[in-house]
1. Out of L81, L4, L13, L41, which single residue is in contact with a strand residue (DSSP E or B) (Cβ under 8 Å, 6 or more places away or on another chain) and over 22 Å from L196 (Cβ atoms)?
2. Can you name every residue in the stretch 156-196 that is open to solvent by less than 30 Å² (accessible area, probe 1.4 Å) and out of contact with any strand residue (DSSP E or B) (no Cβ under 9 Å at 6 or more places or on another chain)?
3. From the list V290, V245, exactly one residue is of a type in the set (A, V, I, L, M) and within 15 Å of the ligand (Cβ to nearest atom). Which is it?
4. Please specify each residue of the stretch 63-89 satisfying the condition of being among the hydrophobic types (A, V, I, L, M, F, W, C), within 16 Å of the ligand (Cβ to nearest atom) and part of a loop (DSSP other than H, G, I, E, B).
5. Before we move on, is Y257 over 18 Å from the mean Cα position of the chain (by Cα), at pLDDT 95 or above and aromatic (F, W, Y)?
6. Would you confirm, using the coordinates I've provided, whether T280 is within 12 Å of the ligand (Cβ to nearest atom) and hydroxyl-bearing (S, T, Y)?
7. Among what's in the stretch 140-154 and is in contact (Cβ under 8 Å) with a residue 60 or more places away in the chain and of a type in the set (S, T, N, Q), pick the residue that is farthest from the ligand (Cβ to nearest atom).
8. When the stretch 1-20 is examined, which residues are found to be under 22 Å from A237 (Cβ atoms) and over 17 Å from the mean Cα position of the chain (by Cα)?
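The values are calculated or read from the model by the stated rules, or taken from the named source; none is laboratory data. In this text, all values refer to a predicted model and were calculated from it rather than measured experimentally. Note that we place each Cβ from the backbone using ideal geometry, even for glycine, and neighbour counts take in every protein chain shown. These area figures cover heavy atoms from the full protein model, side chains too; ligands, DNA and RNA do not enter into them. Shrake-Rupley method; radii C 1.70, N 1.55, O 1.52, S 1.80 Å.
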Amino acid sequence: MKGLRVVGTGRCLPKNIVTNAQLSRQVDTSDEWIASRTGVLQRHIATDETNASMAERAAQQALERAGINPEQVGACIVATLTPDYATPSVACLLQRGLELPEDIPCFDLNAACSGFVYGLTVARGLLAQGTKPYALVVGSEIMSRTLDFADRATCVLFGDGAGAVVVEASDSHNFVSVLGTRGDDTSLSCPVGGTLQMQGSEVFRFATDILPRCIHETLNKAGRSLDEVDYVVCHQANQRIIAYVVKKLKAPEEKFYLNVQYYGNTSAASIPIALDEMATKGLLAAGSRVLCVGFGGGLTWGGAWLEW
Ligand code: ACO
């Protein structure tokens, strides 16, 4: 088995939208500050949704769009740092909700905002040794659970949501990934049961250093150039980070998908939400090639060459 093919995508966003103006009534900030520093205009914040309920809706949609019977799913991986329970995992709840087979691995994976790229890589490994052809890879987060709304430099950045893909083991499609980790609990951390603490400028420096390198390394490993990629989907943390990467790589801006304006930073969910949005807009179809690249807490990073 050579690689993976994406056969379906889905997403679920909480119904409650909070604009910058609404947030400014609760937090000492302004639409002007948030929009100019980050590009974020609004975010979805969960009210009665749970991590598992969003993950299940996104995954159900991905299965339906793929036309896949749950019996054909060989693994279910949920990338998240904000599960509903330490156990059962969100993925175990999906096994029940989606009526996935019992003889398959279902588990959560925490690589913070790089989690979805890690999840794709693990799915490929599991499919290579399994008997069923498809895997569900979901990113789902309720980041608002971790936020300290007195910390204006951090709480304005994040949002909640879930995205999902169904991938198929394929000999005719390539899949290549590059993953990395640097133990660092000072730039960004979230104690269990506590709130997210972030040194924004340090994370900004890390992101602008690692993303171009990770894109280069992933392309090298795939034996491809940026010209052969239809879209680059960066983890949607900050419009300025993506603009910096575009400039550094001297790349066409339109190749870098951007939707952080509408969702904020949804951590592990940001890349699969973007992929589903792109698919439903008709930007992705059979033959499309996408480079996904994430960075986040850990510190972690990951790039993946992905085909449709
Ligand atoms: N509203 C108004 N003013 C604010 C706000 C706010 N929400 N937040 C900070 N400020 C003020 C600060 O107090 C400071 O004021 P001062 O100069 O009087 O002291 C000023 O704005 C500038 O603050 P900085 O922190 O220097 O602002 P900066 O331009 O660096 O932008 C930001 C901060 C947006 C957080 C930026 O550093 C960033 O995007 N970092 C990357 C963060 C990121 O990508 N995180 C995702 C990690 S992924 C994961 O795994 C969770």
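1. Values: L81 fails: over 22 Å from L196 (Cβ atoms); L13 fails: over 22 Å from L196 (Cβ atoms); L41 fails: over 22 Å from L196 (Cβ atoms).
Exactly one residue qualifies, and that residue is L4.
2. Within the stretch 156-196, just G194 meets the criteria.
3. On the way: V290 fails: within 15 Å of the ligand (Cβ to nearest atom).
When all the criteria are applied, what remains is V245.
4. Residue satisfying the conditions is L81 alone.
5. Working: over 18 Å from the mean Cα position of the chain (by Cα): no; at pLDDT 95 or above: yes; aromatic (F, W, Y): yes.
Answer is no for this residue.
6. Values: within 12 Å of the ligand (Cβ to nearest atom): no; hydroxyl-bearing (S, T, Y): yes.
Taking the combined requirement at face value, the residue does not satisfy it.
7. My answer is S140.
8. Within the stretch 1-20, N16, I17, V18, T19, N20 meet the criteria.
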